[in-house]
Amino acid sequence: MSKMMDLVFRAVGLAMGVAVVVLSILGSISPETAVLLLGIGLASLGIAALDKATDVQERKYEPKNRSS
C-alpha cells in the first residue's frame, strides 16, 4: 500500500477517536454510535498495521544484493 493510503487509514483512526471524545463531552452521541465510530477507527488502524507488517515480511525475504 502506498504511503498516502497508510496516512489516510491512520488519520481516519485518529479522527474517529477524537470525534467520539468530543461528542461524548458535548453529550450528543449515543453509546451505539460511539461504538460504531470507534469500531471504524479500530478497523482503519488495523488495516494500516497489517499492511505495515506485510511490507516488513516482504522485505525480510527479498534476496540481498551481494557485490563481489
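The values are calculated or read from the model by the stated rules, or taken from the named source; none is laboratory data. For clarity, every value in this text was computed on a predicted model and none was experimentally measured. FYI the Cβ positions are ideal-geometry reconstructions off the backbone, even for glycines, and counts take in every protein chain you see.
What are the pairs, 6+ residues apart or on separate chains, where a residue within the stretch 37-57 that is more than 11 Å from Gly13 (Cβ to Cβ) has its Cβ under 6 Å from a residue that is among the small types (Gly, Ala, Ser) and in a helix (DSSP H, G or I)?
Here the result reads none, with nothing in the stretch 37-57 linked to a residue that is among the small types (Gly, Ala, Ser) and in a helix (DSSP H, G or I).
Out of everything in the stretch 27-36 that is among the hydrophobic types (A, V, I, L, M, F, W, C) and either part of a loop (DSSP other than H, G, I, E, B) or in contact with a helix residue (DSSP H, G or I) (Cβ under 6 Å, 6 or more places away or on another chain) (or both), what residue ends up being nearest to Ala15 (Cα to Cα)?
Among residues in the stretch 27-36 that are among the hydrophobic types (A, V, I, L, M, F, W, C) and either part of a loop (DSSP other than H, G, I, E, B) or in contact with a helix residue (DSSP H, G or I) (Cβ under 6 Å, 6 or more places away or on another chain) (or both), the one nearest to Ala15 (Cα to Cα) is Ala34.
Report every pair of residues separated by at least 6 positions or lying on different chains whose Cβ atoms are under 7 Å apart, first residue within the stretch 3-31 and farther than 29 Å from Lys52 by Cα, second assigned to a helix (DSSP H, G or I).
The qualifying pairs are Ser24/Ala34; Ile29/Val20; Ile29/Leu23.
Suppose we filter Ser44, Ser24 for residues that are surrounded by 12 or more Cβ atoms within 10 Å (Cβ to Cβ), over 21 Å from the mean Cα position of the chain (by Cα) and either at pLDDT 80 or above or not in a loop (DSSP other than H, G, I, E, B) (or both); which single one remains?
On the way: Ser44 fails: over 21 Å from the mean Cα position of the chain (by Cα).
Residue meeting the stated conditions: Ser24.
Looking only at the stretch 1-16, which residues are among the small types (Gly, Ala, Ser) and surrounded by 15 or more Cβ atoms within 10 Å (Cβ to Cβ)?
If the condition is that a residue be among the small types (Gly, Ala, Ser) and surrounded by 15 or more Cβ atoms within 10 Å (Cβ to Cβ), then Gly13 is the only one that fits.
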